[in-house]
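Encoded as C-alpha cells, the structure appears first; notes follow it.
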Amino acid sequence: MKPTRLDYCQFLLSTQINFTNTYYADHSREFSHDAVNRLLKNSKMTSALIWEHVEGDIAPSAHGCIVFDDSVLDKNHSHSIEMVRRQYSGNAHGVIKGIGMVNCLYVNPDTGQYWIVDYRIFDPDGDGKTKLDHVREMLVGLVAGKGLDFNRVLMDSWYATKELMLFIETLGKLYYCPLKSNRLVDDSGGALKYRHVDSLAWSQAELAQGKIIKIRGFPKAHKVKLFRVEVSNNRTDWVVTNDLAQDSTNATQEVCGIRWKIEQFHRELKQLTGVEKCQCRKARSQRNHIACAVLVWIRMTAIARKALTNIYSLKKGMLSHYMRQELRSPSVRMAV
C-alpha cells in the first residue's frame with residue numbers, strides 16, 4: 001500500500017517531536033520506510049498547492065497587507081542534503097547551513113489574522129533566481145493570477161531596492177519598508193549632497209509627520225516619505241513609503257508592526273510542523289516535505305480559528321489526550 005500526501009501530512013500533524021521517515025514507518029502499520037521515501041522522492045508538490053487550500057479561508061480587507069520575508073530552515077548538521085547553502089539566519093544571528101525559504105503572507109489588519117498565500121525555495125544554483133526575483137514573481141501572481149485584494153506591501157530593509165520598490169508602484173500598490181542606516185538620501189531638494197539616512201536633522205514637525213526625500217539612484221523627480229520610528233530605546237527604524245499622503249509617524253509605526261506577523265508564522269511553522277526536520281538528501285524530497293509542512297500549518301490554523309484557540313494549544317492538546325488516556329489505564333504499570 002502506498003502512502004499519499006494526506007497520509008504524510010497527517011503524520012506531521014500528529015507527531016510531537018520526531019518528524020523523520022524512519023519514525024513514521026516505525027509507528028505505521030501500513031507503510032514502510034522505503035514507501036515513505038518514494039512518496040517524497042517521486043511526488044511533485046509545489047507552492048501552487050498552498051493557494052488551492054487557503055483561498056477559501058481568507059477573510060479579505062480593504063486595508064489588506066502583503067508581507068514578504070525570508071527564513072532559513074536550519075540544516076546545520078547536514079553534509080549531503082541538496083539545496084543546503086551557507087546563509088545568514090536572523091534566528092541564529094549568524095551564518096548557518098540551511099535551505100532558504102521566501103514567504104508571502106496576507107494579513108487582515110482589521111482582525112489580525114494572517115494566511116500564507118505563496119512561498120519560494122531559494123535555490124540560486126538550481127534556478128539562478130535571487131530572493132528579489134522570487135518576490136517579484138509572487139507579486140505578479142498575486143495581482144494577475146490570484147486576484148487577491150490588497151493595497152500595501154510590507155517588507156524588510158533587505159528588499160528595499162530601487163527595482164522592487166518601483167515595480168510595486170507600477171502595480172498601483174503602496175509599500176512601507178525600513179532603510180538601512182547607511183542608505184544615501186537627500187532631504188534638501190538638491191541643495192546639499194546625499195547623506196546617510198541616520199545623519200539627517202529632524203524638526204519636531206518632521207518627527208511627527210515625516211519628511212519628503214529622494215533616495216540616491218531613483219529617478220530625478222521620484223520622491224518618497226521618510227519617517228523616523230523609535231522602535232525601542234536601542235533601535236530606530238528609518239521607514240520609507242510611496243504613500244505621500246501619510247502624515248503620521250504613529251500610524252506608520254502601526255503599519256510596520258503588521259510585518260511582525262510573518263515572524264510569528266516562521267516560529268509556528270518551525271516549532272509545530274517539523275519543516276526543518278526532514279533528513280532526506282534529494283532536493284525534490286525536501287521541497288515536498290516543506291510543501292506538506294505548510295499545508296499542515298494551514299490546516300491547524302483553520303481548525304484553531306474555529307475552535308477559538310491557538311495552534312500551540314491545538315498541537316499540544318493531542319499529547320494531553322494521550323497523557324489522560326495513559327493515566328486512566330496505564331499500559332505499563334510501575335512497581336514502586
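Tallying residues that are open to solvent by 10 Å² or more (accessible area, probe 1.4 Å) and in contact (Cβ under 8 Å) with a residue 12 or more places away in the chain within region 165-174 yields 6. Condition check: in contact (Cβ under 8 Å) with a residue 60 or more places away in the chain, crowded, with 16+ Cβ neighbours inside 10 Å and farther than 26 Å from residue 48 by Cα. Does residue 119 satisfy that? When the stated conditions are applied, residue 119 does not pass them. Of the residues examined, residue 144 is one that is in a helix (DSSP H, G or I), at pLDDT below 95 and either more than 21 Å from residue 266 (Cβ to Cβ) or open to solvent by 30 Å² or more (accessible area, probe 1.4 Å) (or both). In region 274-293, the residues that are under 18 Å from residue 50 (Cβ atoms) and of a type in the set (A, V, I, L, M) form Cβ pairs under 8 Å with partners that are open to solvent by 10 Å² or more (accessible area, probe 1.4 Å) and part of a helix (DSSP H, G or I), at six or more places apart or across chains, as follows: 291/49.
Considering 261, 282, the condition of being within 30 Å of residue 44 (Cβ to Cβ), surrounded by fewer than 17 Cβ atoms within 10 Å (Cβ to Cβ) and of a type outside the set (A, V, I, L, M, F, W, C) is satisfied by 282 alone. Could you list, in sequence order, the residues of region 239-273 that are more than 26 Å from residue 314 (Cβ to Cβ), touching a residue at least 12 places away in the same chain (Cβ under 8 Å) and among the hydrophobic types (A, V, I, L, M, F, W, C)? 239, 240, 244, 255, 256, listed by residue number. Scoring residue 273 on the criteria (1) of a type in the set (Ser, Thr, Tyr); (2) open to solvent by less than 20 Å² (accessible area, probe 1.4 Å); (3) farther than 24 Å from residue 113 by Cα leaves a single failure, condition (3). Determine whether residue 212 is open to solvent by 20 Å² or more (accessible area, probe 1.4 Å), closer than 26 Å to residue 161 by Cα and hydrophobic (A, V, I, L, M, F, W, C). The answer is yes for residue 212. Given the condition assigned to a helix (DSSP H, G or I) and open to solvent by 30 Å² or more (accessible area, probe 1.4 Å), answer yes or no: does some residue in region 175-189 qualify? No, because not a single residue in region 175-189 is assigned to a helix (DSSP H, G or I) and open to solvent by 30 Å² or more (accessible area, probe 1.4 Å).
Got a sec? Which of 248, 232 is exposed (fewer than 15 other Cβ atoms within 10 Å of the Cβ) and in contact with a Phe, Trp or Tyr (Cβ under 9 Å, 6 or more places away or on another chain)?
Details: 232 fails: in contact with a Phe, Trp or Tyr (Cβ under 9 Å, 6 or more places away or on another chain).
Residue meeting the stated conditions: 248.
Of the residues 229, 197, 224, the single one that is among the β-branched types (Val, Ile, Thr), out of contact with any Asp or Glu (no Cβ under 7 Å at 6 or more places or on another chain) and within 22 Å of residue 66 (Cα to Cα) is 224.
The values are calculated or read from the model by the stated rules, or taken from the named source; none is laboratory data. Small disclaimer: the values here were computed from a predicted structure and weren't measured. Positions of Cβ are backbone-derived with ideal geometry, glycine not excepted, and every protein chain shown enters the neighbour counts. Each accessible area value is taken on the protein alone, full model and side chains, heavy atoms only, with ligands, DNA and RNA left out. Shrake-Rupley method; radii C 1.70, N 1.55, O 1.52, S 1.80 Å.
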